[in-house]
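Report on one structure; see the data block that follows.
The values are calculated or read from the model by the stated rules, or taken from the named source; none is laboratory data. This one's a predicted model, so the numbers in the text were calculated from it and none came from an experiment. Virtual Cβ from ideal backbone geometry, glycine too; neighbours counted across all protein chains shown. For the accessible areas, the whole protein counts, side chains as well, though only heavy atoms, and no ligand, DNA or RNA atoms are used. Shrake-Rupley method; radii C 1.70, N 1.55, O 1.52, S 1.80 Å.
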Amino acid sequence: MLRPAALAGLLLSGAVMAGGQAAASGEVTIAISGESDQLIGRQTERTVLIAGGSESVRQLETAYTVSGHGPTELSDTLRIAVDADGRPQRWRWRRSVNGRILTVELERSGAALTGQAVNEGERHAVSAVLPVLPIGDPDTLAPFLTEPSAPRSWSIAEFDPVTLQFRPVELTLAKRSGTDHAWVLTLSRGGRLQSVRWLDYADGKLAAARQPLLGSGRSWHRDEGPPTKADMLSRGRIVAHEQYRPNIHMTQRAALGQMRYVFGLPADVPVTVPETGEQRVKSDGDGWQVDICQDCGPASAPAAADLERWRRPGQWVQSNDAVFKEKAAQARRGAKTDDAVMARLAIVARARLPRIDFDGYVSARTAWRRRAGDCTEDALLLAALGRAADIPVRVVHGLVFSPGRYHGASNAFMPHSWVIAFVDGRWKSYDISLNGFDATHIALSLGDGEPEAMVEANQIAALLDWRAISEVRRRPADP
């Protein structure tokens, strides 16, 4: 499910490049609003001249409460200093989420930016090699305050607080189909779609930037007036949890059988829906028809090299951990099939994470130590245990139907995570969060546990145009 702090990470992704010295500019203030136009954040941006160059500064403050969660207060400040030739000299970042503070302070040292990262008092030395790409800020809006003159695609480098190195971010700015003075800005990391923004202009100036979210959205506009009482941030302002409520009654019989979904997707954003052992996808005009049941997916086996890759440990799925190896070996004893092994490991994972915790996105190893998590930690832990047993496992992010009341809604599709494992010659889903798989599990992104795959699935879910949902009943076999 979507975490409150993750919402802040979805708020905005623009880009400013540090490939040339920026001119000094006045301060720009941007108001951030929820679906009902209530203020949930404010961002200020400015560029100032300093000795030998310039410094770009972005400050973000947000406060809100996601329905079904506790309140969230977030502040974020990024400073990037460059010399007269645009070469990066300093990179400083401070983020506070409900009092938990992360700071990164880096200074130029030869071909690297060196310094330290401090996460809730824990210090880590950093030596980040200067990237070939220009270092930029993926959360700035200033470059888009005036209407673009032409479409373009470009890349910048941002600092990754997990790997403590710089990584590429890809951006594309394009005209929206069939509209005047409207553009679409997309941001991707590692080839995964992370955000979509609709940019609307009037008289050459940005009127509003909007990001679709599942069942809601966020908007940004320039704030030029003096603040009023309504402009004060308050964590008591409720933001709806991401959800889609269909106008049909979803029966248990239908969920345990075969379901067919027909989705439309915007032509401006290239998106594909993945197939699994239970999910078959085919093009349907300007959208997709998705059939889901126990054996609806394609029967072809993956290439041997891919299966081997999905057995390996990763940054978020540490299947080479000694504890996971031990549990996998125990599950193997006496098991006749890989499906039986996965079933045993599912019991182990479920017992290890008895407490629900929506705070953060942590790896399988950390989840095991914390003994808590939500559906993402459930999936990452089971994936690590499965790979430790030499079974190819992938983490799935998508949607699932929740009939009971959850996060302020009932009878709604919500973000969810589970795993698929290649067992006994086919891919099969395992969901320890909801006690099993059914035909309301809609896969939107497959990965190795990286959070970018979850963000991708959430953004794709928000783009779906739900055109039809139906139960497919098969005829009884002839006697």
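Between THR272, VAL396, VAL162, the Cα set farthest toward the positive side of the dipole of the chain (charges on each charged residue's Cβ, about the Cα centre) is that of VAL396. Rounded to the nearest Hz, the phi-derived 3J(HN,Hα) couplings of the stretch 299-307 under the Karplus curve 6.51 cos²θ - 1.76 cosθ + 1.60 (θ = phi - 60°) are 8, 5, 7, x, 5, 4, 5, 5, 4, where x marks glycine and proline.
Mind checking the angle between helix 338-352 and the chain's longest principal axis? C-alpha axes, 0 to 90 degrees, to the nearest 10. It is inclined by approximately 50 degrees. Would the stretch 198-286 count as rounded, prolate or oblate if I go by the C-alpha gyration tensor, calling it rounded below 1.5 in a/c and otherwise prolate when a/b exceeds b/c, oblate otherwise? Judged from the Cα gyration tensor, the stretch 198-286 comes out oblate (a/c at least 1.5, b/c at or above a/b).
Residues in the stretch 176-189 carry Karplus couplings, in order, of 7, 5, x, 9, 9, 6, 9, 10, 10, 10, 10, 10, 10, 10 Hz; the curve used is 6.51 cos²θ - 1.76 cosθ + 1.60 with θ = phi - 60°, and Gly or Pro positions show x. Take every Cα pair under 8 Å whose residues are at least 6 apart in sequence, average their separation, divide by the length of the stretch 325-433, and the relative contact order is 25 percent. Each Lys or Arg adds one and each Asp or Glu takes one away; over the other residues whose Cβ falls under 12 Å from the Cβ of ASP268, this sums to +2. By the Cβ distance rule (another cysteine Cβ under 4.7 Å), the unpaired cysteines of the chain are CYS375.
All C-alpha to C-alpha distances of the stretch 260-329, sorted into 10 Å bins beginning at zero, yield P(r) values of 16, 29, 28, 20, 6 percent in whole numbers. Against the chain, whose longest principal axis comes from its Cα atoms, helix 322-332 is set at around 20 degrees.
Annotation note: trypsin sites (Lys or Arg not before Pro) in the stretch 331-388 located in DSSP loop regions with a Cβ neighbour count of at most 13 within 10 Å are ARG333, LYS336, ARG371.
Can you classify the stretch 424-479 as rounded, prolate or oblate using the Cα gyration tensor, where a ≥ b ≥ c are the square roots of its eigenvalues, rounded means a/c under 1.5, and otherwise it's prolate if a/b beats b/c and oblate if not? Don't skip to the answer; put the middle values down first.
Working: a/c = 2.65, a/b = 1.45, b/c = 1.82.
Oblate is the answer for the stretch 424-479, as a/c is 1.5 or above yet b/c matches or exceeds a/b.
Dividing the summed -39500 (n - 2.57) terms of all DSSP H runs of n ≥ 4 by the residue count of the chain sets its mean residue ellipticity at 222 nm at -4500 deg cm²/dmol.
Which whole-number percentage describes the relative contact order of the chain, with Cα contacts under 8 Å and a sequence gap of 6 or more?
Working: 1123 pairs, mean separation 68.2, N = 479.
Relative contact order, the chain: 14 percent.
Charged neighbours of ALA240, selected by a Cβ distance under 12 Å, balance to +1 (K, R count +1; D, E count -1). The loop-placed GluC sites (Glu not before Pro) in the stretch 187-296, going by DSSP, that have at most 11 neighbouring Cβ atoms within 10 Å of their Cβ come out as GLU224. Which one is right for this structure if semi-axes √(5λ) of the Cα gyration tensor in Å is calculated from it: (1) 39, 27, 21; (2) 50, 25, 21; (3) 128, 27, 23? The calculated read-out lines up with (1).
Starting from the stretch 95-146, pick out the GluC sites (Glu not before Pro) whose DSSP state is loop and whose Cβ has at most 16 other Cβ atoms within 10 Å. Please report the intermediate quantities before stating the final value.
Values: sites: GLU105, GLU107, GLU120, GLU122; in loops: GLU120.
Those satisfying the criteria are GLU120.
Residues whose amide H lies under 5 Å from that of GLN89, counting only those 5 or more places away or on a different chain, are ALA81, VAL82, ASP83; hydrogens are built 1.01 Å from N in the peptide plane. Taking Cβ atoms as reference points and 9 Å as the exclusive limit, the residues near VAL184 contribute a net charge of +2, counting Lys and Arg as +1 and Asp and Glu as -1.
Note on GLN165 and ASP424: the extension gain reaches 89.3 nm, defined as 0.36 nm multiplied by sequence separation minus the Cα-Cα distance.
Spin-label pair ALA340-GLU326: with each label point 7 Å from Cα along the Cα-Cβ axis, the two points sit 2.4 nm from one another. Largest to smallest in accessible area, the residues ASP424, ASP448 fall in the order ASP424, ASP448 (1.4 Å probe, all protein chains included).
When the listed pairs LYS175/LYS428; LYS325/LYS428; LYS282/LYS325 are checked against a 31 Å cut-off, the alpha-carbon distance exceeds it for LYS175/LYS428; LYS282/LYS325. Put simply, the amide H of VAL126, placed in the peptide plane, has neighbours under 5 Å in GLY115, GLN116, ALA117, leaving out anything fewer than 5 places away on its chain.
I need the shape label for the stretch 228-367. Rule: rounded when a/c is under 1.5, else prolate if a/b > b/c, else oblate, with a, b, c from the alpha carbon gyration tensor. Mind showing how you got there, number by number?
On the way: a/c = 1.87, a/b = 1.21, b/c = 1.55.
Judged from the Cα gyration tensor, the stretch 228-367 comes out oblate (a/c at least 1.5, b/c at or above a/b).
Here the chain exposes an accessible surface that is 50 percent carbon and sulfur, computed with a 1.4 Å probe and the other protein chains kept in place. Residues in the stretch 128-138 carry Karplus couplings, in order, of 9, 4, 4, x, 5, 5, x, 6, x, 10, x Hz; the curve used is 6.51 cos²θ - 1.76 cosθ + 1.60 with θ = phi - 60°, and Gly or Pro positions show x.
Computed with a 1.4 Å probe over protein heavy atoms only, the accessible area of SER283 comes to about 80 Å². Per residue, the stretch 284-412 exposes 44 Å² of accessible surface when a 1.4 Å probe is rolled over the protein heavy atoms with every protein chain present.
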